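Single-structure report; data block below.
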Amino acid sequence: MIVSGSVASGFEPVRQAFADSEILRGGASVAAYVEGEKVVDLWGGEARPGVPWEENTLSTAMSATKGLAALCAQILWDRGELDLDAPVTRYWPEYGQAGKSSTLVRHILTHTSGLLAFEDPGDLLDWSGNGWDDYDEIARRIAASPPAWEPGTRIGYHAFSIGWLLQELVRRITGDTIGTFFAREVARPLELDTYIGAPESVQQRMADFVIDSGAEPRGAARLAMGILRREQMDPRSPIAQSSVQMHGGSFTSNLDFFNLPRTRTAELPAAGATTNGRDLARVYAMLAQGGELDGHRIVSRESIDLFRTPAARGRTMIWPRSGIFRVIPAPKMRYALGYEGDFGESPKPWRFGPTKESFGHLGAGGQIGFADPVHHISVGFTRTHLQDWSVSTALIGALYACVPTNSTAEEEQ
């Protein structure tokens, strides 16, 4: 792959690792900061067939968006406007319907609220982009819907709903949508080319996801996939609810949905941010530096220490309940307040670098943004041919090998 961009002296191995990476048919961008200074800013591949990825190319961050939404909640906590241990109904009275009155704000941030989706989402939404910008109606339907489990008692990935929930909390507290709030409080001070809800004026610079189902699985993998697909078709299953199963498919089977102009314009705070590796790394550089970057303080150190600390753990409830899955333990989840990380508990190599205090968020297909507050390092990586996290993990490994504090980080583990 032809690589463009720059690296600081001593970080040439990161450029080589990026050039050697398996980006496949799409494009990608990667950036890193150390001690508040940008040391890596690279891009390569194609934004669309025949169109090269350029310096100002943007793409959809998928679930790496969740870290940006968490930052909005963190800002409100910092200002004393959001109490983590308050019931959600303090800010959103209607939310207390259908067995949700005991839901706390921290339950939303830790994926323990149980509100995975609103009932019959296909009655409002479709995979052509209709309905996703009707924030009033989405909030009304969420308030009227029951949780999949008693709030605070279980954990399971709220793939889309955490964005809707945070959107409404921000709207109730500030009067602004989360996209407007993020633009004013984060993007403008840090001079980011990043959006939760991309204006039409920037969409011509956006890269498209490569829609590629890949080779059909065989053997046990094929059997497992069949079970998963059947459970996704059952609207009562947590898997179906979390993945917004409707009109015969979920978002995982409708990735072209994220290439639609209407989808890109809508605010999807769980999966729809428009950004690139450079801006993700810059956001997390601010957090790695204690909440301030280039003279702009966004949050306090106290809020960073609170929001990055693991707050909920357990085996995920988003797991098939039939076939071979009944004898396979559900994977363990661990969440801080809106952020995730390895926290010293995942099998190595860790996706968030070699420091257990690192925090951020993964995005589907191998994307990631995170901050290492111990060594003041941050990384942002985006791509459009969605695969796994092997590329970002290799790039992060190459980065840390260039940093003098890496040996110290390894010793601490």
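Take the Cα coordinates of region 3-412, assign each an equal point scatterer, and use the Debye formula without solvent to give log10 I(q)/I(0) at q = 0.07, 0.10, 0.11 Å⁻¹.
-0.30, -0.63, -0.78
Report, by chain and number, residues whose modeled amide H sits under 5 Å from the one on Ala273, excluding near sequence neighbours (fewer than 5 apart, same chain).
Correct list: Ala61, Met62, Thr65.
Which value, in debye to the nearest 20, gives the size of the charge dipole of region 3-412 about its Cα centre, when Lys and Arg are +1 and Asp and Glu are -1 at the Cβ?
1120
Compute the Cα gyration tensor for region 1-133, then decide on rounded, prolate or oblate, letting a ≥ b ≥ c be the square roots of its eigenvalues: rounded whenever a/c is under 1.5, prolate when a/b is larger than b/c in the other cases, and oblate in all that remain.
Cα axes put region 1-133 in the oblate bin.
What is the fewest-to-most order of Tyr135, Tyr195, Tyr339 by other Cβ atoms lying within 10 Å of their Cβ?
On the way: Tyr135 16, Tyr195 23, Tyr339 28.
Taking fewest neighbouring Cβ atoms as first place, the list is Tyr135, Tyr195, Tyr339.
Tell me, how many Å apart are the Cα centres for region 27-45 and for region 250-304?
15
Considering only the other residues whose Cβ falls under 15 Å of the Cβ of Asp120, what net charge follows from Lys and Arg at +1 and Asp and Glu at -1?
-3
What 222 nm value per residue comes from the helices of the chain, counting each DSSP H run with n ≥ 4 as -39,500 (n - 2.57) and dividing by all residues, nearest 500 deg cm²/dmol?
Details: 14 runs with 123 residues, N = 413.
That calculation yields -8500 deg cm²/dmol at 222 nm.
Give, as a single signed number, the net charge of other residues whose beta carbon lies under 10 Å from the beta carbon of Gly365, with Lys and Arg counted +1 and Asp and Glu -1.
Here the count lands on 0.
Going by C-beta contacts inside 10 Å, put Tyr284, Tyr157 in order with the fewest on the left.
Least to most surrounded, the residues fall as Tyr157, Tyr284.
By how many nm would the segment from Glu302 to Gln97 grow when fully extended, if each residue of separation counts as 0.36 nm and the alpha-carbon distance is taken off?
70.4 nm
Run through the DSSP bridge list for the chain and note the antiparallel percent, rounded to the nearest 5.
Working: 45 of 47 bridges.
Percent antiparallel among DSSP bridges in the chain is about 95.
If the label point is 7 Å along Cα→Cβ of Glu81, which residues in region 100-123 have backbone nitrogen under 20 Å from it?
Only 105-109 pass the distance filter.
In nm, to one decimal, how far is the Glu191 label point from the Asp212 one, both placed 7 Å along Cα→Cβ?
My value for the distance between the label points is 3.6 nm.
Using a cut-off of under 15 Å, list every residue of region 1-31 whose amide N is near the label point 7 Å from the Cα of Arg205 along the Cα-to-beta-carbon line.
Output list for this probe position: 29.
In terms of modelled amide H atoms, which long-range or inter-chain residues lie less than 5 Å from the amide H of Leu386?
Those lying under 5 Å, H to H, from Leu386 are Val210.
Read the figures in this text as sums done on the coordinates, not as results from a lab. Here the structure is a predicted model, which is why all the values come from computation and not from measurement. So basically every Cβ, Gly included, is an ideal-geometry build from the backbone, and we count neighbours across all protein chains shown.
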